[in-house]
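This report refers to the structure that appears directly beneath it.
The values are calculated or read from the model by the stated rules, or taken from the named source; none is laboratory data. As the structure is a computational prediction, the values presented were derived from the model and not from experiment. Quick reminder, even Gly has a Cβ in these numbers, built from the backbone with ideal geometry, and neighbours come from all protein chains shown.
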């Protein structure tokens, strides 16, 4: 039996079949109930989604900016790449949660596929299978692939960028200009994946150049130029965005594209006086839970608490190999992965409010360190039985925790982590019900309260044109329209009320005023009849 297993294991098809099976399982986990879990839509998901729907049908965002290169969202800004990637899905499948979340799922899978490829090249086939195993087991990889947040693109794009960089740094490709043009193009696109990439990527390439010089890798001027030209082309709109918003200039229109004004520009998030608390928040964001409840759960964390020594050992192991590569004047690409991960985590110390999703592109490197530790144990010749047993135990622990996480995520999360902060559910039935009322009822002013940025869920439910609901005129509250997206007290019997997850005291106050309550799940409609 052992010899039969060895024949199967040594078969040229074994590696491909196992890799494909794990990637297929990862795809199933990301697609299963994608519309329903997380329950409802996060306020940034629907904000981006509405802008994407507006661009798909009208060529403008909700602020009537024509093809903006950066989204204003609710005033804090939002990267536009996810929005534009969502446009074809909306045109084909409609304005639905599934269509909004598909780009995130796709780029999560790309992180798995390109991560598998890169680990295979750097550390071998066995290590690449371990990576796919860890990719399945780690909670954050699954959670990030199931929610439509712009920042989640940075993880997948950064792994693709590292793949291209690895190809460029090979001796046989180092002088090929086309390689560095492609690298510059992918890097330029990655700038648009998340606002904070504007700092992370330059920091990474600065450290990379220092490493290449230290390892005596000749940096050809032609390669630098080939890389820099596409980066500069992609960076020009970003630089203009900085200038417009830092100096308070009017929006710039370049052909069909708009460089918009953002109320609270994202670079305000960079601070230099919170290093100490950010160390704690980074630790919590990775191993416990951050202040969101869709990125990590306290009982699991984004990476599991027991991963801390595993990652620490793998990181130190990779660091020793970096030092060795400098001494030997020989590039080791695992050192580049370490440099990128360090760049992300270092910059995280200077972010106003560290969260898991803000440092998401470090997760490939952290998973790589886990793989490095397990691969080291499997490959160790001294005390081989004990080392192999420890590696197997670690993988068994990841398997057990991974199964527990998947069970919680799909069978308990939607009901136990509810209501979720900054999430709300589809109110279409509510607004259809109000539209079906007699004119004497539906002509009243209707207050809508409870949901964060309730107006955006109304625009989604009714697919209202940005020209009909001119945000520049009506704002977030819908002032002057038949719907006003807040619920002031005292309550007025001449008005209608829509409440999302109302408090008992709110329900009692309305019922005492002889309002009749209509139940639409988390939404309650109150009409004075």
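Some observations on this one:
- Listed by position, the helices (runs of 4 or more DSSP H) enclosed by region 87-145 that each have at least 1 residues that are in the same structural domain as residue 359 (by TED's automatic domain parsing), over 21 Å from the mean Cα position of the chain (by Cα) and without any contact (Cβ under 8 Å) to a residue 40 or more places away in the chain are 97-123.
Yes/no matrix, rows are residues, columns are (1) modelled with pLDDT under 95; (2) touching a strand residue (DSSP E or B) at 6+ places or on another chain (Cβ under 6 Å); (3) farther than 18 Å from residue 342 by Cα:
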residue: 98; (1), (2), (3): no, no, yes
residue: 105; (1), (2), (3): no, no, yes
residue: 113; (1), (2), (3): no, no, yes
residue: 146; (1), (2), (3): no, no, yes
residue: 154; (1), (2), (3): no, no, no
residue: 167; (1), (2), (3): no, no, yes
residue: 175; (1), (2), (3): yes, no, yes
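- Hey, residue 453 within 29 Å of residue 482 (Cβ to Cβ) and exposed (fewer than 14 other Cβ atoms within 10 Å of the Cβ) or not: no
- Residues satisfying the criterion are present in region 372-390 (criterion: within 26 Å of the chain's Cα centre (by Cα), under 30 Å from residue 203 (Cα atoms) and assigned to a helix (DSSP H, G or I)).
Each row is one residue, and each column tells you yes or no for (1) under 27 Å from the mean Cα position of the chain (by Cα); (2) surrounded by fewer than 14 Cβ atoms within 10 Å (Cβ to Cβ); (3) within 30 Å of residue 290 (Cβ to Cβ); (4) outside the structural domain of residue 47 (by TED's automatic domain parsing).
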{"site": "430", "(1), (2), (3), (4)": "no, no, no, yes"}
{"site": "433", "(1), (2), (3), (4)": "no, no, no, yes"}
{"site": "458", "(1), (2), (3), (4)": "yes, no, yes, yes"}
{"site": "470", "(1), (2), (3), (4)": "no, yes, no, yes"}
{"site": "509", "(1), (2), (3), (4)": "no, no, no, yes"}
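- The set of residues from region 307-331 being touching a residue at least 60 places away in the same chain (Cβ under 8 Å) and surrounded by 14 or more Cβ atoms within 10 Å (Cβ to Cβ) comprises 307, 310, 311, 313, 314, 322, 325, 326, 331.
- The residue that is farthest from the chain's Cα centre (by Cα), among those in region 265-278 that are surrounded by 13 or more Cβ atoms within 10 Å (Cβ to Cβ) and modelled with pLDDT of 85 or more, is 274.
- Of the residues making up region 306-314, none is closer than 30 Å to residue 216 by Cβ and not in a helix (DSSP H, G or I).
- Some residue of region 409-416 being out of contact with any helix residue (DSSP H, G or I) (no Cβ under 9 Å at 6 or more places or on another chain), assigned to a loop (DSSP other than H, G, I, E, B) and under 30 Å from residue 37 (Cβ atoms): yes
- Filter result for residue 390 (touching a residue at least 12 places away in the same chain (Cβ under 8 Å), out of contact with any strand residue (DSSP E or B) (no Cβ under 7 Å at 6 or more places or on another chain) and either closer than 30 Å to residue 299 by Cα or not assigned by TED's automatic domain parsing to the domain that holds residue 97 (or both)): yes
- Among (1) farther than 21 Å from residue 76 by Cα; (2) touching a helix residue (DSSP H, G or I) at 6+ places or on another chain (Cβ under 7 Å); (3) not in a helix (DSSP H, G or I), the one test that residue 182 misses: (3)
- Checking 464, 400 one by one, the residue that is in the same structural domain as residue 495 (by TED's automatic domain parsing) and modelled with pLDDT of 95 or more is 464 and no other.
- Residues being within 18 Å of residue 74 (Cα to Cα) and in a helix (DSSP H, G or I) - total across region 247-282: 4
- You will find that of 296, 285, 222, the residue that is within 30 Å of residue 172 (Cα to Cα), in the same structural domain as residue 370 (by TED's automatic domain parsing) and outside any strand (DSSP E or B) is 222 and no other.
- Among the candidates 441, 430, residue that is over 29 Å from residue 57 (Cα atoms), touching a residue at least 60 places away in the same chain (Cβ under 8 Å) and in a helix (DSSP H, G or I): 441
- The single condition among (1) out of contact with any strand residue (DSSP E or B) (no Cβ under 9 Å at 6 or more places or on another chain); (2) closer than 30 Å to residue 294 by Cα; (3) at pLDDT below 95 that residue 196 does not satisfy is (1).
- Residues within region 81-96 that are closer than 13 Å to residue 45 by Cα and either out of contact with any helix residue (DSSP H, G or I) (no Cβ under 8 Å at 6 or more places or on another chain) or surrounded by fewer than 17 Cβ atoms within 10 Å (Cβ to Cβ) (or both), tallied: 1
- Members of region 37-59 found to be surrounded by fewer than 21 Cβ atoms within 10 Å (Cβ to Cβ) and touching a helix residue (DSSP H, G or I) at 6+ places or on another chain (Cβ under 6 Å), listed by number: 37, 39, 56
- Residue count for region 406-425, restricted to those that are touching a strand residue (DSSP E or B) at 6+ places or on another chain (Cβ under 8 Å) and modelled with pLDDT of 95 or more: 3
- Some residue of region 185-193 being without any contact (Cβ under 8 Å) to a residue 40 or more places away in the chain, assigned by TED's automatic domain parsing to the domain that holds residue 324, crowded, with 17+ Cβ neighbours inside 10 Å and in contact with a helix residue (DSSP H, G or I) (Cβ under 8 Å, 6 or more places away or on another chain): yes
- Top-ranked residue of region 201-217 - restricted to ones that are in contact with a helix residue (DSSP H, G or I) (Cβ under 7 Å, 6 or more places away or on another chain) and modelled with pLDDT of 95 or more, ranked as farthest from residue 238 (Cα to Cα): 211
- Unmet criterion (only one of (1) over 30 Å from residue 418 (Cβ atoms); (2) touching a helix residue (DSSP H, G or I) at 6+ places or on another chain (Cβ under 7 Å); (3) in a loop (DSSP other than H, G, I, E, B)) for residue 302: (1)
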